[in-house]
Amino acid sequence: MGGGGGTYIDHHPHNPPLSPGPAPPTICFGRILLGEVTPLLAAMKRSAPRWSSHQQGTGQDSLVDGLREVREVVGLLRDGDTLDPNTFLHPFLAVIRSEDTTGPVTKTALAAVNRMLVYGLVWEGQDGASSAVEAIAGAVTHARFVGTDQGADEVVLWEILTVLRTLMLGGAGRLLTNEAVCEILNSAFRICFEPRLSELLRTCTEDALTHMVQLLFSRLPLFADHAHQSHTRRLKMRAAGQTRGKRGSDTPTPPPPPPPPPTHTHTDTDNNNTQLDDDEDKPINSPVEINYPQEAPKESTDTPLTPDDPPPQQQHTENTQSDATHTHHHEATVGTETDGSKCSRVTHEQQQQQPQQQQQQEETRKDVLTVEDLTSETFTNSQGVKFEGDGGGVDVEGVAGGGGGGVLVPHGAACVREVLRFLVSLTAPTNEQNTPAMTLTALNLLTAGLEIGAAEVGRRAGLLALVADPLCHHLLGLLRGEGRVGLAVFGAATRLTVLLVESLRHRLKFQVEALLARLAHVATEEGPGAREGHRELALEALAQLWGGAGLAGQVYLNYDCDLYCSDVFEDITRTLANTTFPSGPDPAALTALAALMAVVNDIRDRNQPNPAPYPLPAPVTQTNTLCQRCPLAPVLVARAGVGEGVRTGRAEAWAIKQRKKTLLSGTEQFNNKPDKGLKTLQEAGAAGRTPEDVATFLRHNPRICKRALGDYLSRKKNVEILAAFVCTFHFTGQRVDESLRVFLESFRLPGEAPLISAVIEHFAAHWHHSNGQPFVKEDAAFTLAYAIIMLNVDQHSPAARRQNIPMTLGQFTNNLRGVNGGSDFDPLMLEAVYNAIKKDEIVMPAEHAGRVREDYQWRLLLRRAATSEARFLLPATPNDLDRDLFLVCWGPTVAALSCVLDRGGEAEAGRAVAGFGGCGAVAARLGLVEVLDNLVATLCKFTGLDAVDPPEQLASAFAASRRAQLAAGAAVGLAAGHGDGLRDAWANVVQLLLQLFRCRLLPQSLVTSPDPLASGGQVCLLPQPPAPPRPEAGLLSSLYSYISMSDGGAGRGVEEGAGLGAGQGVRRGNPTGASTRRIHIPTGRLTGRVTQGHDRGRGGTSRGGAGRTGAGRGPHRTTKASYWSYRCA
C-alpha cells in the first residue's frame, strides 16, 4: 500500500488480477483522505471563530486534533502500508456526532464519508471493517448539527440519506448488524413520514427505502432461518437511540484504536438521551408506536416564522441541536449570527422574560416541532405520529459477545422479519394513526420487496405467517374501502394483491379466495357508494390474473371443486361477462372481454397439435442495476408459476364437483326443513349416519343456517347429535366465558329457557372435563355458564337496560356465592369474566353486518387455513381441465362477444369476431358440437341477411355494415375450418350462402360452372334479367324510350355500385381460400332445409295458378341453386 501517491492492491478484493488486457483504474486512497481533511478543516474555520488557526492551539479541540492526526498518519504511509478504516473514519464521524457543528460542516463531513464508501476504502474482507461500518451507521443515524433554515437543513438530511444508502447498498453493507440495519431504515422512515419536509426530499427518501428493502429481500436466500429458536428475542426497529452492544450498555460500539473513539455516553442538557432498561424479561413492545393524541392540540398563538420573516426572539434563543434521524421546521427558536458562529446571547432583560417565554415555547411545542424535540428519544411529528425509542434492552442477534470487544455478526433473517412486520403494521386500515401517505409508502415497499423475494418468503414460516395474517387481512380491509382509502392506496393494494395471488397462492389458499371474491365484488359494485376508479382498478387486476398461464385452471380446481369454497372461477367469469353490457362503448367492457378471452386463448394454445414450448428463463445480464446489488443473479420469467401442490386428476375433481352440487342443494333443503334435508344428504352420501358424522358435518358446513342448526340441536330426539356436536370443540386451557363465546358463535340459541338449559348443560359438562374439572361439581360449571348468558343479556340488551340498571361486578359476584359446591368461585376469575362480557358482547356474528361479521369470517378462515383443507391442488396435466373450464366460460364469453360486436365500433367488432374464431377453434378441438353450432348460428344472425327484404336492399345494407361483413366472413371461416364438427349450424351456413347468392355478392368462382356447350366453356348460375320489349317505331316513342332508358340506367348504376361494394366487403371478410375449400356436409342435416330456406328466400310459393306461373323460371332457379350449394360442398 502506497503513500499519498501510491496504490493499494494486495488487500483490496475489488482489484482484478493482472491480465494482458486493459489496465484497471488506480485509486490513491492517501490522496483522497488528504483531500477530504483539508476542506473539512476549512469549513470548520469558516463556521466558527474558535476553530480558526490564530485562536486554536494544538490539544484544545478534539475535533480539529483528530483531523490533523489523520493528516499526519496518512503522510507517514509508504508502499505496502495498510491503514485501519477506523483510524481515518473516527475524526469525520466525531464531527458528524458533534453538537457544536453547523449544517455546512456536518454536510462536508458526511460527503467525505460517502466518498470513502464510494471509492471502496472500506470493504468486506478488511480488518476492522465490521466495527467501521457499525460506527458509520451509529454516527450518521445520530448526527447532530445546528439548524438554520429548512432549505439548508434538508440539504444536510439529503446528505445523511445518501451516506446511509451508499452504506446499505455497498459491499461493506453486508457487515451491518441486525440492529444497525433497522436503525438505518428507521431513520429513513422518519424523513419519509415528516410532512413538513419538501416533497422532493420525501420522494427521494422513499426511493432510497425501496432500494434498501429490495436488497434485504434479495439477500434472504443466503440468511439462515432462526425462527424456530424460542429463546431468540424479537428485534425492534427503534425510532431513536444507540446501537446496543453488551446488555445494559448504551454506548456505541467503539472501533479499535488508533485513535480510540470516545467511550462515554454524551448526556444532553435536556436529558433526551435516557438510560435504556436492561431487564431481559421485560416484554418488548412495538419499536415504532404511532398514536394520535386523544384531543386535538391547542392552537398556539406563536406562529412559526418563514425564512423571510425577521425572527423577533433570535437574540435570546439558546443553541440547539438537530438529531439527523429527525427533521424540523425553521422557526424563531433556531438562529445563527451573520458571522457564522453559533450564537445565542441572552441579555439581562431577556433573562427576566425567560420563564414567560419558556411557557410560550411549551405551548408552541404542541403545534410546531422544535429542535429539542428532534434530539429526544421520543419524537412526535406534526401529524401527531409518535415515534418512541426502546424502553428496554434488546439482545441483538447480530452482536455476539456485546460491548466494544464483541464479535459483530452480519445481519440476517431477523432484520428482514422485523422490516416486514413494521411495513405490515403500517397497512392496517382501521388504525387511524396510519395516514394514507404512510399506508401508500408501506404498500409500495412491500410490493418492491415481495417482487424479488416472494418465493423465499413462502419457504419461511415466520415470514409467511406475517403475510397470511395480518397482511392479507389488511389488504382485504383496504379493498373494502375501510379507513381513508383513496385511489392511490387502492391501486397499490390491488397491485400487491395480484402479486400475492400469482406468487403465493399455493400457500395462501383461503386468503386468496377472500381477496379474489372482494375484487369481483368491487368490479361489479353499483349504487351511490360505488367508485368508478376503484371499479376499473379491480377489473384490471382480475384481467391481469386471468391472463396468467394455468391460473384459471388452478382457481377452478381449488375453489370450484372444493366442497366448502365458493365457485370463484364461475363467479368471476360471470362478473367479467356482466361488465361487458354497458349502454355504450366502455373501456371497462374491453378490459373484461380481454380477461375472458385470455382464458379461451390459454386453452387454445395448450390444445394445439404441436404447441410451441414456453421460452426458458434467461439470467439477468450484469448491466442490470438490481443484479449488481443482488448476491444471487435473478432469473427473468414472463409470469410466476406454481409447481408445489398435490396433483389431482380430472375424474377426482369432477366427482368432488358433483358432490358439491348435491351438498349445496341438500344444505338449502336443510335450512328450510332440517330433517328432510339431512335425510337427502345422507341418501346422497354427502353426510354420515352416525351422530359423530352428523355432528362433524353440521359443524364444518359454513352454508348451514345458524338458526336452523340451533333449532335442530335443541330438539330432544337429537340429544346424541348435540352431545357429539359439543365434543367437536376444543376448550382446553380456555376460560369458561371464552369457550362459551366460541361455542355460541356456531349456532343460534333457541328462545325457550328449557332448550337453552339443555344445550348449556352439555357445554358445561364438556368444558369442565376438558379443563381437568376445576370446580367442585359439574353443576357449578353449568350455573356459571348460565349466569354468563344472563349477564350478557343484562349488559347489552336494550330491553333489559330500559327496565333495570345494568348489573355491577358486586351484584354478579353475590349472585354466584356458594355455587361452587358450597364455596365461592375465584374472585379474580369472576372479575375477568365480568369485564370481558361488559366490554365485548357475545353475539352471533353471522347475523350481523360490518366489522363484527367480517372479523368472524376472518377467524373462520384462519381456522380452516390451519387444517388439511388448505392444501393446494394442481391439475394432473396442463390441459386436464380444459374441457371443464371451457364449458363454464364459453356461455358468458359468447354473450360478452355478442354485446361488444353489437354495440362497439369497427375496431371492437374486429376484436369480437376474432374472439368468436378463438372460441370456435377450442370448441372444435374439444369436440363440443353444440358450442360450435351456437357460435356459427350467432355469427349468421349478425350478418343481417336472414331478413325477407328484397335482394337490392339486403345488398345495400350489407355493403354499408362492416360488422355484418366481418360476421359473415367469420361464420364462413368457421364452417370452412371446422366443418367436420358442425351439425345443425349447417342450415344457417347454407341459408347465409343462399342469401349472398340472391344478392349477387358471391365471388365469381362460386357462381360459374363448367359447361362444354356454352360459349367460353362456362355457364353463369346467376339468373339473367329478362330482355326489355322491343320499342315501337316513331319519333315520340323513340323519345320516350330514350328518357326511360336514361332513368333506368342511373338506377342500375346505383344498384350495381351497391352490389360491387358489398362483394368487396365479402371478399375482405371471407378469403377465397376459405370459401372454396371442400367440406363434407352430412346430407341428413340438410334434408328439407335447403329447399325450405331457398323457398323462404324467394318470398314463399304462392297458392293457385298465379303462384305457379308468376315466376316462370322457378324450376330453373331451384336447379341452379341446388347445384351451386352442393358444389360448394
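The values are calculated or read from the model by the stated rules, or taken from the named source; none is laboratory data. Small disclaimer: the values here were computed from a predicted structure and weren't measured. All Cβ positions, glycine included, derive from the backbone under ideal geometry; neighbour counts span all protein chains shown. Remember, those area values only see protein heavy atoms, side chains included, never the ligands or the DNA or RNA. Shrake-Rupley method; radii C 1.70, N 1.55, O 1.52, S 1.80 Å.
Of Pro774, Pro798, Pro827, all but one fail to be modelled with pLDDT under 90 and not hydroxyl-bearing (Ser, Thr, Tyr); the exception is Pro798.
In the stretch 709-726, the residues that are more than 12 Å from Arg699 (Cβ to Cβ) reach residues that are open to solvent by 10 Å² or more (accessible area, probe 1.4 Å) and part of a helix (DSSP H, G or I) with C-beta atoms within less than 6 angstrom, at least six apart or across chains, in these pairs: Tyr712/Pro674; Ser714/Leu755; Glu720/Pro691; Ala723/His762.
Taking the options Ala468, Ala442, name whichever one is out of contact with any Phe, Trp or Tyr (no Cβ under 8 Å at 6 or more places or on another chain), in a helix (DSSP H, G or I), closer than 29 Å to Val642 by Cβ and in contact (Cβ under 8 Å) with a residue 60 or more places away in the chain. Show your work before the answer.
Values: Ala442 fails: in contact (Cβ under 8 Å) with a residue 60 or more places away in the chain.
Result of the check over Ala468, Ala442: Ala468.
State whether one or more residues within the stretch 149-170 are open to solvent by less than 10 Å² (accessible area, probe 1.4 Å) and touching a Cys at 6+ places or on another chain (Cβ under 9 Å). Yes: one or more hits. Candidates Ala895, Ala937, Ala921: the one that is modelled with pLDDT of 90 or more and in contact with a His (Cβ under 8 Å, 6 or more places away or on another chain) is Ala921.
Which one of Tyr834, Tyr856 is buried (at least 16 other Cβ atoms within 10 Å of the Cβ), under 27 Å from Lys777 (Cα atoms) and not polar (S, T, N, Q)?
Just a single option satisfies the conditions, and that option is Tyr834.
Of everything listed in (1) free of Cβ contacts under 8 Å to residues at least 40 places away in the same chain; (2) open to solvent by less than 40 Å² (accessible area, probe 1.4 Å); (3) touching a Lys or Arg at 6+ places or on another chain (Cβ under 9 Å), the single unmet condition for Asp824 is (2).
Reported count of residues in the stretch 914-954, each being within 15 Å of Gln995 (Cα to Cα), open to solvent by less than 10 Å² (accessible area, probe 1.4 Å) and of a type in the set (Phe, Trp, Tyr), is 0. Once the stretch 28-46 is narrowed to residues that are over 17 Å from Ser98 (Cβ atoms) and either aliphatic (A, V, I, L, M) or crowded, with 19+ Cβ neighbours inside 10 Å (or both), the residue that is modelled with the lowest pLDDT is Phe29.
Scanning the stretch 797-806 for residues that are assigned to a loop (DSSP other than H, G, I, E, B), among the β-branched types (Val, Ile, Thr), more than 20 Å from Ala764 (Cβ to Cβ) and within 41 Å of the chain's Cα centre (by Cα) turns up nothing.
Residue under question is Glu761, and the condition is that it be in a helix (DSSP H, G or I), surrounded by fewer than 14 Cβ atoms within 10 Å (Cβ to Cβ) and in contact (Cβ under 8 Å) with a residue 12 or more places away in the chain; does it hold? Before you say what the answer is, go through the steps one by one.
Values: in a helix (DSSP H, G or I): yes; surrounded by fewer than 14 Cβ atoms within 10 Å (Cβ to Cβ): no; in contact (Cβ under 8 Å) with a residue 12 or more places away in the chain: yes.
Against the criterion (in a helix (DSSP H, G or I), surrounded by fewer than 14 Cβ atoms within 10 Å (Cβ to Cβ) and in contact (Cβ under 8 Å) with a residue 12 or more places away in the chain), Glu761 does not qualify.
Where helices (runs of 4 or more DSSP H) fall wholly inside the stretch 672-718, the ranges with 2 or more residues that are closer than 19 Å to Asp562 by Cβ are 674-684, 691-700. Of the helices (runs of 4 or more DSSP H) lying entirely inside the stretch 913-1009, those containing at least 2 residues that are in contact (Cβ under 8 Å) with a residue 24 or more places away in the chain and closer than 30 Å to Arg883 by Cα are 929-942, 962-977, 986-998. Is the stretch 834-848 home to any residue that is within 21 Å of Ala514 (Cβ to Cβ), free of Cβ contacts under 8 Å to residues at least 60 places away in the same chain and within 43 Å of the chain's Cα centre (by Cα)? Yes, that holds for at least one residue.
Within the stretch 62-88, being open to solvent by 20 Å² or more (accessible area, probe 1.4 Å) and part of a loop (DSSP other than H, G, I, E, B) holds for Leu76, Arg78, Asp79, Gly80, Asp81, Thr82, Leu83, Asp84.
Filter the stretch 832-871 down to the residues that are in contact with a Lys or Arg (Cβ under 6 Å, 6 or more places away or on another chain) and either more than 19 Å from Phe743 (Cβ to Cβ) or at pLDDT 85 or above (or both) and list them by number. Residues satisfying the conditions are Ile842, Ala870. Being surrounded by fewer than 17 Cβ atoms within 10 Å (Cβ to Cβ) and modelled with pLDDT under 85 is a property that holds for Gly59. Scan the stretch 808-820 and give yes if some residue there is among the polar types (S, T, N, Q), farther than 12 Å from Val736 by Cα, open to solvent by 70 Å² or more (accessible area, probe 1.4 Å) and at pLDDT below 90, otherwise no. So far as the stretch 808-820 goes, no, none of its residues is among the polar types (S, T, N, Q), farther than 12 Å from Val736 by Cα, open to solvent by 70 Å² or more (accessible area, probe 1.4 Å) and at pLDDT below 90.
What are the residues in the stretch 821-879 that are among the hydrophobic types (A, V, I, L, M, F, W, C), under 23 Å from Leu563 (Cα atoms) and part of a loop (DSSP other than H, G, I, E, B), if any?
Within the stretch 821-879, the subset among the hydrophobic types (A, V, I, L, M, F, W, C) is 825, 828-830, 832-833, 836-837, 842-844, 846, 849, 852, 858, 860-862, 865-866, 870, 872-874, 876.
Those left that are additionally under 23 Å from Leu563 (Cα atoms): 846, 858, 860-862, 865-866, 870, 872-874, 876.
Passing the criteria: Ala866, Phe872, Ala876.
In summary, helices (runs of 4 or more DSSP H) completely within the stretch 566-629 and bearing 1 or more residues that are open to solvent by less than 30 Å² (accessible area, probe 1.4 Å) and at pLDDT 75 or above occur at 568-579, 587-606. Just one residue in the set Leu887, Leu862 is among the aliphatic types (A, V, I, L, M), under 38 Å from the mean Cα position of the chain (by Cα) and within 30 Å of Ala594 (Cα to Cα); that residue is Leu887. The set of residues in the stretch 866-900 being out of contact with any Phe, Trp or Tyr (no Cβ under 9 Å at 6 or more places or on another chain) and acidic (Asp, Glu) consists of Asp880, Asp882.
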